[in-house]
Amino acid sequence: EVQLVESGGGLVKPGGSLRLSCAASGFGFSGTWMDWVRQTPGKGLEWVGRIKTEAGGGATDYAAPVKGRFTISRDDSKKALYLQMNSLRPEDTGVYFCTALSTFGGFIVTSFWGQGTLVTVSS
Amino acid sequence: DIQMTQSPSSLSASVGDRVTITCRASQSTGIYLNWFQQKPGKAPKVLIYGASTLHSGVPSRFSGSGSGTDFTLTISSLQPEDFATYYCQQSYITPWTFGQGTKVEMK
């Protein structure tokens with residue numbers, strides 16, 4: 001059974017930092033592209049960014065609102081995904097989901113989601 | 001970025017009703033369009049990918065159609081477990097973007 005379990009959310013002041021983790025199990029983590037998706041009161045569901053496989057160079061891609069502030073990384077030996085969030089703003093408040101992508105007939109699909117972890121940015 | 005607009009934002013329906021939700025993209029996404037269902041306090045679940053392909057385990061009362069900029073999700077006969085919020089998502093180009101959601105409520 002595929003499981004994605006996020007942790008590390010909490011309350012942080014504007015300008016602060018937080019590191020989210022996602023523990024993966026039940027699938028071939030090292031061969032899977034992973035995304036972070038957030039759900040905020042202001043913008044609803046929003047793609048945050050992606051990390052490809054180490055075999056594919058581990059390339060990352062970010063949404064414009066977080067580029068330069070957030071960093072996605074992975075540790076295949078631990079089957080773990082991370083989201084380092086710096087210079088946090090109130091508009092970053094929301095639930096952050098770790099997601100795993102699958103390929104079906106040429107389509108890349110957000111197949112699996114964690115339960116989400118709440119990040120609140122407030123003074 | 002490609003903007004995704006769903007309509008309606010909410011609808012009231014009864015068990016057994018046929019429900020249709022539309023999604024319009026600000027530019028063509030081909031058939032790189034997915035539909036998700038989300039229930040309160042839970043993560044979204046994929047229903048349909050490639051505009052019309054049912055994901056594994058999804059009941060056949062769900063169907064999707066469309067290409068280019070206009071897409072439709074149809075529930076042929078609404079069941080009690082289908083009351084939820086539905087989102088479209090384009091996966092044509094990053095940043096992948098979602099519609100604002102359509103909440104299906106009980107009439």
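Using bins of 5 Å that start at zero, the share of Cα-Cα pairs per bin across the protein assembly as shown amounts to 1, 7, 15, 18, 19, 17, 12, 7, 3, 1, 0, in whole %.
For the pair A:Ala64 and A:Phe107, the difference between a 0.36 nm per residue extended length and the Cα-Cα distance amounts to 13.1 nm.
Of the residues B:Ser91, B:Val104, B:Ile2, the one whose Cα sits farthest toward the positive end of the charge dipole of chain B, with +1 on the Cβ of Lys and Arg and -1 on the Cβ of Asp and Glu, is B:Val104.
In sequence order, the stretch B:21-36 has phi-based couplings of 10, 10, 9, 10, 9, 6, 8, 4, 10, x, 10, 8, 9, 10, 10, 10 Hz under the Karplus curve 6.51 cos²θ - 1.76 cosθ + 1.60, θ = phi - 60°, and Gly or Pro positions carry x. Scaling the Cα radius of gyration of chain B by the globular reference 2.2 N^0.38 Å produces a ratio of 0.98.
Charges were assigned to the Cβ only: +1 to each Lys and Arg, -1 to each Asp and Glu. The resulting dipole of the protein assembly as shown about its Cα centre is roughly 280 debye. The residue among B:Thr22, A:Trp36, B:Val46 whose Cα reaches farthest toward the positive pole of the charge dipole of the protein assembly as shown, with charges on the beta-carbon of Lys, Arg, Asp and Glu, is A:Trp36. Summarising the amide proton neighbourhood of A:Phe112: residues at separation of 5 or more, or on other chains, whose placed amide H is nearer than 5 Å comprise A:Ala100.
The residue list A:Gly58, A:Asn86, A:Leu101 was ranked by how far each Cα lies along the charge dipole of chain A toward its positive end, using unit charges on Cβ atoms, and A:Asn86 comes out on top. Number of Lys-Lys pairs in the stretch A:24-99 with C-alpha atoms under 20 Å apart and a separation of 8 or more places or on different chains: 4. The string of couplings for the stretch A:113-123 from the Karplus curve (6.51, -1.76, 1.60, θ = phi - 60°) is 10, x, 7, x, 10, 8, 10, 10, 10, 7, 8 Hz, one whole number per residue in order, with x for Gly and Pro.
Taken about its Cα centre, chain A carries a charge dipole of about 300 debye when Lys and Arg each add +1 at the Cβ and Asp and Glu each add -1 at the Cβ. Summary of the geometry: the stretch B:21-56 and the stretch A:51-85, compared by the centres of their Cα atoms, lie 24 Å apart.
Per residue, the Cα convex hull of the stretch A:1-121 amounts to 99 Å³. Over the stretch A:1-43, the Kirkwood radius and the radius of gyration, each from Cα atoms, give a ratio Rg/Rh of 1.05. Can you list the aspartates and glutamates whose alpha carbon is less than 16 Å from that of B:Lys103, not counting same-chain residues fewer than 8 positions off? Here the aspartates and glutamates satisfying the reach criterion relative to B:Lys103 are B:Asp17, B:Glu81, B:Asp82.
For B:Gln100, the shell of other residues with beta-carbons less than 13 Å away shows a net charge of +2, using +1 for Lys and Arg and -1 for Asp and Glu. Distance distribution P(r), the stretch A:42-95, all Cα-Cα pairs, bin width 10 angstrom from 0: 21, 51, 24, 4 percent. The dipole here belongs to chain B: it is taken about the Cα centre, uses +1 on the Cβ of Lys and Arg and -1 on the Cβ of Asp and Glu, and is about 160 debye.
Computed from the coordinates by the stated procedures, all read-outs in this text should not be read as laboratory data. These figures come from a predicted structure and were not determined experimentally. Cβ coordinates were reconstructed from backbone atoms using ideal geometry, including for glycine residues, and neighbour counts include every protein chain displayed.
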